[in-house]
Amino acid sequence: MVHSSNEVDRVRYKALDLHLHKHRFYQYQLQIQLKWVMEFKLISLTKSSLRNKYRLTRSEKLAEAEREYEMLKSEGKKHQEDLTR
């Protein structure tokens, strides 16, 4: 069976076109994956910065609460001493 050069060229063109579509699709997939990775990293960084901010706020409030507790404790002791006199 002999094929004309037009048929052969058409088959080659379809094969090349299919290859280009696969290549474009692969590039598109990579772009989407990169986009998702960047978004997840941003979310992760945001969450970790919020956690760190919460820890800092919490530690500041903890130190403040400890100072207030010690102050109230000493005032309570003074008040008890005054009552026992």
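Given the DSSP H assignment, sum -39500 (n - 2.57) over each helix run of at least 4 residues in the chain and divide by its residue total; what's the result at 222 nm in deg cm²/dmol, nearest 500? Walk me through the intermediate numbers first.
On the way: 1 runs with 80 residues, N = 85.
Helix contribution divided over all residues of the chain: -36000 deg cm²/dmol.
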If one takes the longest principal axis of the Cα atoms in the chain, at what angle in degrees, from 0 to 90 and to the nearest 10, does the Cα axis of helix 5-84 lie? 0
Assign one of three labels to the chain, namely rounded, prolate or oblate, based on the Cα gyration tensor with a ≥ b ≥ c the square roots of its eigenvalues; rounded applies when a/c is under 1.5, prolate when it is not and a/b is larger than b/c, and oblate otherwise. prolate
Full-extension gain between K61 and E81, please, as 0.36 nm times their residue separation minus the C-alpha to C-alpha distance. 4.2 nm
Add +1 for every Lys or Arg and -1 for every Asp or Glu among the other residues with Cβ under 14 Å from the Cβ of L20, and state the total. +3
Can you give the FRET efficiency for D9 and L30, using 1/(1 + (r/R0)^6), R0 = 35 Å, r = Cβ-Cβ distance, to the nearest 0.05? 0.65
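Every read-out reported here was derived from the displayed coordinates using simple, explicitly stated rules and does not represent laboratory data. All of these numbers come straight from a predicted model, not from anything done at the bench. All Cβ positions, glycine included, derive from the backbone under ideal geometry; neighbour counts span all protein chains shown.
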